[in-house]
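Reviewing the structure listed below.
Just so it is clear, none of the values below were taken in a lab; they were calculated from the coordinates. Everything numeric in this text was worked out from a predicted model, so none of it was measured. Reconstructed Cβ throughout: ideal geometry from the backbone, glycine too, with neighbour counts over all protein chains shown.
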Amino acid sequence: MRRERVPALLRQVASGEVDAQAALGALGALELPSTESLGFATVDHHRALRQGYPEVIFAAGKTTPQVLAIAERIAERGEGVLITRLVPEMHAAVLERFPSIDINPLGRTAFLAPNVPAPVGRGTILVITAGTSDLPVAEEAAVTARSLGNTVERLTDVGVAGLHRLLSESRALEDAAVIIVVAGMDGALPSVVGGLVSVPVIAVPTSIGYGASFGGVAALLSMLNSCASGVTVVNIDNGFGAAFAASRITHA
């Protein structure tokens with residue numbers, strides 16, 4: 001059971017919407033083991049109560065049967081399933097097991113909605129990409145943010161090589177509660193955005209670029225040295241981490 005469901009359930013009992021016996025049955029799920037060993041993985045069932053969202057499956061390095069086994073155990077609780085870094089070879093098996101799951105091939109994600117939707121975060125999380133090549137990381141961030149119960153908007157291909165593209169979207173910048181900026185190459189875009197807005201800006205360096213980009217290290221260092229105040233930086237290609245941080249801000 002997710003953390004926010006407990007006080008909501010207690011309020012329903014107090015108002016008479018839910019009888020005590022039904023609430024007791026729902027809370028009984030909390031008495032189940034908080035972890036479950038599958039031999040190759042130990043599923044953390046307590047995470048939804050502890051942090052507000054169940055364990056997320058990182059598919060890279062796992063076999064298809066391993067991903068499915070973990071997903072099945074999480075889905076049994078009705079709390080939703082999010083899989084990141086899903087490879088195309090897994091798509092058919094995942095869809096066969098979970099026909100209603102939403103697979104985003106570009107973002108390499110799969111999201112099965114929970115039985116009870118997550119509380120909606122305050123405001124909009126705006127995901128901005130410097131270039132089209134940054135889209136896989138940006139889509140990972142967008143899907144993750146949406147799965148965590150957020151309204152998500154996107155601005156695509158508005159990097160500093162054509163700064164007018166970003167400046168023409170001033171309304172979207174002004175309306176956002178949190179902005180995630182995804183950029184490779186010189187990694188300059190987060191500094192520009194950070195100098196234009198008053199809301200939190202989370203920068204995601206990507207591994208996109210030529211040889212001297214060093215697989216995203218150049219963009220990472222540029223973002224870490226941003227002259228714009230309040231720009232926070234996550235690891236290279238970590239759209240998931242940026243979205244999780246943004247969601248904690250909107251749900252605080």
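Some observations on this one:
- Electrostatic dipole magnitude of the stretch 39-155 [Cβ: Lys, Arg +1; Asp, Glu -1; Cα centre; debye, to 20]: 240 debye
- Potential lengthening of the chain between SER198 and ALA14 amounts to 62.2 nm, from the contour at 0.36 nm per residue minus the alpha-carbon distance.
- Total formal charge among the other residues, if their Cβ is under 12 angstrom from that of ALA138, Lys/Arg +1 and Asp/Glu -1: -4
- Evaluated at q = 0.07, 0.09, 0.16 Å⁻¹, the base-10 log of the normalised Debye intensity for the chain, with identical point scatterers placed on the Cα atoms, takes the values -0.27, -0.44, -1.14.
- A helix-only calculation puts the chain at -10500 deg cm²/dmol for mean residue ellipticity at 222 nm, using -39500 (n - 2.57) for each DSSP H run of at least four residues, averaged over all residues.
- Three-way shape call for the stretch 89-224 based on the alpha-carbon gyration tensor, with the a/c threshold at 1.5: oblate
- Amide H partners (placed H, <5 Å) of VAL233, local residues excluded: ALA203
- The chain - share of DSSP beta bridges that are antiparallel (%, nearest 5): 30 percent
- For the stretch 37-42, Karplus couplings with θ = phi - 60° (6.51, -1.76, 1.60), whole Hz, Gly/Pro x: 8, 10, x, 9, 8, 10
- Each other residue within a Cβ distance under 13 Å of PRO205 adds +1 if Lys or Arg and -1 if Asp or Glu, for a net charge of -3.
- In this Cβ point-charge picture (+1 for Lys and Arg, -1 for Asp and Glu), the chain has a dipole of about 320 debye about its Cα centre.
- Charge-dipole axis of the chain as Lys and Arg at +1 and Asp and Glu at -1 on Cβ define it, positive-most pick from GLY215, ALA246, ASN104: ALA246
- Fully extended contour minus Cα-Cα distance, from ALA252 to VAL160, at 0.36 nm per residue: 29.9 nm
- Shape of the stretch 32-112, Cα gyration tensor, a/c cut at 1.5: prolate
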